[in-house]
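One structure below.
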Amino acid sequence: MKHLLSKDLKLIFLLSLIYIILISFPNLHFNKSFLELGFLVLSFLFVGYSLISLLRPEENYHEILNKPLLILEFSVLIILAVSVILKFSLGLHVLILVTLMSIITMVLSLSAYIRRIGYYKPNGKRIVSHSPDETPIQPEDATSPTEQKTSQTIEKPTTKPGPKSKFSLFYDLILIDLLSIFAITTYFIPHININLLHDVIGIIYMVFIPGYMFMAILLPKKSSLGTIIRLGLSVGVTLPVTSLIGMVLYYTKYGISINSLLIPLAILTLILSVYAIKKRIKAYNQ
């Protein structure tokens, strides 16, 4: 196992945090335009770099930097997605854009750091040797014959845990399907359409749910990724999807609104869930 440092991710997190701290004090006198432009340029490196580090924890900074086109593609995709969302919500301003990109970079770099540490976490075995002439002794082999016999007599047969119920394997996908059906139904039946509830559901779909389905297809087993990392990747995948659908709707009579975005996202989620369930069944049957 190769030694992998995480100073790169710490540096990215620290620089993003410094930018957030600087803009939090408006009374400070310095060239803010230069600062915003500088961090906007750095975002094209930091975001893509952090995302690749999250997806490929086994690669060090040399291997990641050898993929400049991939870094740029990921960065442009995320920055474009955030820009489109801002344009039709808070308004597209450089300060808000760079601030959001700094926050996204901090989340991605922290998640990548956690996953990289977990990937290269030592297994707890250590070789002990007191002199160069002595043969290294592993702790598990250093037991005496009597201790080994005793451990063999005391050792009990291990029992495998029973199989999980089908609902425990698919409850997250089933709940998302039910929510999608509810969202579509309430949209076409005005009497049960509660505006506030519909807006909350729409925001959840715009930032999270379709990406979660994509991750369920790519990594069907729940144990493949930690919960925080899976949620972070789901958000990262959902934002570009929402942006692309929003760009298409902008040139139609429906325009861009939470309701107009919710329906295609809910339908897309139902379609993806069919593939996600098939992939998960296949993964757990192997």
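No lab work stands behind these numbers, since they all come straight from the coordinates. Computed from a predicted structure; not experimentally measured. Here Cβ is always computed from backbone atoms with ideal geometry, including for glycine, and neighbour counts include all displayed protein chains.
Beyond a 25 Å Cα-Cα separation, which of these cross-linked pairs lie in this structure: K67/K282; K7/K67; K222/K278?
Pairs exceeding the cut-off: K67/K282.
For the peptides 107-117, 258-268, the ranking by packing is 107-117, 258-268, with the highest mean count of neighbouring Cβ atoms within 10 Å listed first. Efficiency by 1/(1 + (r/R0)^6): what FRET value for I271 and E63, r their Cβ-Cβ distance, R0 = 35 Å, to the nearest 0.05? That pair, I271 with E63, gives E of 0.50. The peptide list 238-247, 198-207, put in order of mean Cβ contacts within 10 Å with the highest first, becomes 238-247, 198-207. Cβ crowding within 10 Å, taken as a proxy for footprinting-reagent exposure, orders D172, D177 from fewest neighbours to most as D172, D177. Where a ≥ b ≥ c are the square roots of the eigenvalues of the C-alpha gyration tensor, would you call region 46-105 rounded, which needs a/c under 1.5, or, failing that, prolate if a/b is larger than b/c, or oblate? Judged from the Cα gyration tensor, region 46-105 comes out prolate (a/c at least 1.5, a/b above b/c).
Want the number for L22 to I117: 0.36 nm per residue separation, take away the alpha-carbon distance, what's left? Don't skip to the answer; put the middle values down first.
Details: separation 95, 0.36 × 95 = 34.20 nm, distance 2.94 nm.
In short, 31.3 nm is gained.
Extent of region 7-119 along its three principal axes (Cα atoms, max minus min coordinate, largest first): 42, 29, 21 Å.
Rounded, prolate or oblate, given the Cα gyration tensor of region 202-286, with a/c below 1.5 counting as rounded? Kindly include the intermediate steps, with their values, before the conclusion.
Working: a/c = 3.31, a/b = 2.00, b/c = 1.65.
Prolate, because a/c is 1.5 or more and a/b exceeds b/c.
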